[in-house]
Amino acid sequence: MANPIIWPGSSSFTTGSTPFGFYDTDAQFASDADKVAKYCAIKLGYPIMDVELQDIQLYACFEESVSVYSEELYHAKIKDNYLSLEGSPTGSALNNIVIVPTLNSIVNLADTYGSQIGVGGTTTFYTGSLDLVAGQQVYDMQTWASASASMSPSDRVVIQRIFYMGNPAINQYYDPYIGGSINYQGATENFGFASYSPGLNFVLFPIYWDISRIQQIEMSNQVRRSAYSFEMTNNKLRLFPKPETQDMRLWFEYSLKSEMSNIIDNSPYNSDLGRITNPSNVPYGKITYSQINNPGRQWIYEYTLALASELLGLVRGKYATIDIPGDETTLNSADLISKGKDQQQALRERLRQDFEDMSRQKQLERKQTENQTLSETLNQVPMMIYIV
């Protein structure tokens, strides 16, 4: 059986010793590489036990540990800030940038709802008209659109607004025959404001009085006079009252279903391809090892040891038994693999929990709890009594 190569007891890190070389040029990483290699070898039993690993394998575990720490850190940052990041440029790295929450995504969402009622959004409202026919009460707007709106046969018109209404109620406000209006001319003369405009009525009545009377007139027209109104069902327009003349033209606003259901943002700011569209293109680069604090580096050391334990178990699995004087012994490969994997999982879960506790939401919840506790504590402090 071939003899496995064992750890010699020391190593000398140089640029290019790691598989990817992500952090080789970082002086602090280069300084820690040999220390971490020695730490792992000792924790795995050296020098009492042979460690069947070479320095480049321990360096690879060290590099992977830093990358895993970076992965978990930046995934947490992306999740915490993605609503503010989406749509931003991808040109500049965000590693050491303080991200300020914005309302961009909320505004974009509000635009979607606003498009349905014509306030904001990116849906275009078009204007159309049709000639009313005497005695015809129902009009097929889809038929009109197919002939006049230049849309595809599979599209559908969405009517947004119908301009079919009587005179505004304010025009009837001073009508003495409306049954409830007021003779402002007589009122102003009694108060010495003869020949003045009725616009002086604010001297006599509050604004809500005017609004109430306008609503009264509109309701009276609708109930007692069957005022101008309409209903829309399946793009079939029904007019009330029925048109009596042929010289009327009905105007309306409409949009196209295809444009309203378009999920792609066609606004000018999104024309540039260099925008954040999903978590994979959020511009977080490789982490700078020398900027990682001591708690972070300690996690990296422990994760490197867990990776080295699993790797050593895989190597020892190849050499199931080794010769010893007068006999042979079985190596503990299964135990090392199991222990290494369990440690990696536990370390990842601990790190994720730490980053979750440091998220914006958790920090705000903690601050709220702190303020409540402080307030309750201060309420228990006896108040001073002053005697004058």
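Read-outs throughout are calculated quantities, based only on the coordinates presented, and are distinct from any laboratory measurement. Just so we're clear, the structure is a prediction, and the values are computed from it rather than from any experiment. Note that we place each Cβ from the backbone using ideal geometry, even for glycine, and neighbour counts take in every protein chain shown.
Some points to look at:
- Extended-chain gain in nm, criterion 0.36 nm per residue less alpha-carbon gap, Tyr319 and Ser375: 13.6 nm
- The alpha-carbon of Lys77 sits under 28 angstrom from the alpha-carbons of these lysines, leaving out residues fewer than 8 places away in its chain: Lys286, Lys341, Lys362, Lys367.
- Cα gyration tensor, region 1-126 - rounded (a/c under 1.5), prolate or oblate: prolate
- For Tyr126, distant residues with modelled amide H under 5 Å away: Tyr254, Ser255
- Partners for Lys257 among lysines (Cα-Cα distance below 19 Å; same-chain residues under 8 apart left out): Lys236
- Calculated FRET efficiency for the pair Thr90/Arg352, C-beta based, R₀ 35 Å, to 0.05: 0.85
- Separation in nanometres of the label points that stand 7 Å from Cα toward Cβ, at Met383 and Arg156: 6.4 nm
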